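Peer 1: Take a look at the following structure, please.
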Amino acid sequence: DREYVGFATLPNQVHRKSVKKGFAFTLMVAGESGLGKSTLVNSLYLTDLYNNRKVLNAEERIVQTVFITKHTVGIEEKGVRLRLSIVDTPGFGDAVNNTESWKEIEDYIDQQFEQYFRDESGLNRKNIQDNRVHCCLYFISPFGHGLRPLDVECMRALHDKVNIVPVLAKADSLTPTEVRRKKMKIREEMEKFGINIYQFPDCDFDEDEEFKQQEQLLKDSIPFAVIGSNIQVESKGRKFRGRLYPWGVVEVEDPAHSDFLLLRNMLVKTHMQDLKDVTRETHYENYRAQCIQNMTR
Ligand code: GDP
Ligand code: MG
């Protein structure tokens, strides 16, 4: 009984050619250390990318600076191939000196644009590997009163370069009421501080009701409340991905417990192509225009 990620089931907005060639998609996770970034990524793609990770002790963590790692996996589903890369940014926000900890993330995104720009102007334009970052899941702590100054600074530094999708981490540590309140607070603060997150495209008039409702649900769910787990839990004769507590279990994929499914569908089924389009048409175009301007100055 194999679990499916689901990207092969809805590629109808994608051209046949790209389906045959396979998708390449790069997802970045960013945010404070310990919020469950690596765990969520595993839960999203069902592949244990981090099985040989090194567990750092507290002392190591404090002196650790931001370093960026990239893992790539190939997944095939029903004949459709996905080359998925995850860019992890461990320890962010954890260092003693946080002032420039997001700078490295920003540089990384710029470097991928730079590489693409160079390849595009080179001789071998047909076989460019696209390493541009298509989406950044930004993890917000469930324990604060909304956004922290560092969150604001970081998202503002990145929002012109990458599609930011904010998530409320470790939602299992909050009650449903707290989740609703925090979401509202965070949305208000993002508006107040002028943070431009990824915008779901507006629906066409001829779109059916179900689709429109789904899009509205996505918009209303920001930041997506998520729960990550790498373990299978068994309860009442059923096995599922979940977290075990003395008082019961939470199921990662239960919509009543978290927005995990909503987020996963959005990323791998319904909006993967749009995230790539916006990266190319907006973020990369900005970068490119700037490069050309600098060259002709
Ligand atoms: P990262 O530093 O952001 O990559 O965080 P990790 O994925 O390494 O997780 C840090 C710790 O939090 C681990 O002990 C995880 O088991 C735990 N954790 C991860 N996701 C969740 C979650 O959704 N809820 C709870 N309660 N704990 C989580
Ligand atoms: Mg991690």
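Bear in mind these aren't lab numbers, they're just calculated from the coordinates by the rules spelled out. Here the structure is a predicted model, which is why all the values come from computation and not from measurement. Every residue, glycine among them, receives a Cβ derived from its backbone with ideal geometry; neighbour counts consider all protein chains shown.
Peer 1: If you take all C-alpha pairs in the range 107-179, what percent of them are over 17 Å apart? Show your work: numbers first, answer last.
Peer 2: Details: 1506 of 2628 pairs.
When every Cα pair of the range 107-179 is considered, 57 percent fall beyond 17 Å.
Peer 1: Follow-up. In whole Hz, what ³J(HN,Hα) sequence does the range 276-286 give by Karplus (6.51, -1.76, 1.60; θ = phi - 60°), x for Gly and Pro?
Peer 2: After applying 6.51 cos²θ - 1.76 cosθ + 1.60, I find 5, 4, 5, 4, 6, 7, 10, 5, 5, 4, 4 Hz.
Peer 1: Cα convex hull of the range 125-227: how many Å³ per residue? Please list the in-between numbers first.
Peer 2: Values: hull volume 15.9 nm³, N = 103.
Hull volume normalised by residue count: 154 Å³.
Peer 1: Roughly how far apart, in whole Å, are the Cα centres of the range 228-297 and the range 166-205?
Peer 2: 14 Å
Peer 1: Of the listed pairs 170/219; 182/219; 78/269; 37/70; 126/161; 126/276, which have alpha-carbon separations greater than 22 Å here? Show your work: numbers first, answer last.
Peer 2: Values: 170/219 20 Å; 182/219 15 Å; 78/269 14 Å; 37/70 13 Å; 126/161 24 Å; 126/276 18 Å.
With Cα atoms farther than 22 Å apart: 126/161.
Peer 1: A further question on this structure: Less than 18 Å from a label point 7 Å out along the Cα-to-Cβ axis of residue 117: which backbone N atoms in the range 264-284 qualify, by residue?
Peer 2: Backbone N within reach: 279-284.
Peer 1: When each pair of different Cα atoms in the range 178-233 is counted once in the 1/r mean, what is the Kirkwood radius in angstroms, to one decimal? Display every interim value, and only then the final one.
Peer 2: Details: mean 1/r = 0.0738 Å⁻¹.
This gives a value of 13.6 Å.
Peer 1: Give a residue-ordered list of calculated ³J(HN,Hα) values for the range 121-138 (Karplus: 6.51 cos²θ - 1.76 cosθ + 1.60, θ = phi - 60°; whole Hz; x for Gly, Pro).
Peer 2: For the range 121-138, the Karplus curve yields 8, x, 7, 9, 5, 6, 10, 6, 8, 8, 9, 5, 7, 8, 7, 10, 7, 9 Hz.
Peer 1: Same structure again: Under 15 Å from a point placed 7 Å out from the Cα of residue 199 along the Cα-to-Cβ direction: which residues of the range 277-294 have their backbone N that close?
Peer 2: 278-279, 281-283
Peer 1: So, with +1 on the Cβ of K and R and -1 on the Cβ of D and E, and no other charges, what is the size of the charge dipole of the range 132-272 about its Cα centre, to the nearest 20 debye? Numbers along the way, then the final one.
Peer 2: Details: 21 positive and 22 negative charges, 162 e Å.
Using Cβ point charges on Lys, Arg, Asp and Glu, the range 132-272 gives about 780 debye.
Peer 1: To continue, here is another question. Taking 0.36 nm per residue of separation and subtracting the Cα-Cα distance, what length does fully extending residue 234 through residue 69 add? Please list the in-between numbers first.
Peer 2: Values: separation 165, 0.36 × 165 = 59.40 nm, distance 3.30 nm.
Result: 56.1 nm gained on full extension.
Peer 1: Modelled label-to-label distance, residue 210 and residue 253, 7 Å Cα→beta-carbon offset: nm?
Peer 2: Label-label distance for residue 210 and residue 253, simple model: 1.9 nm.
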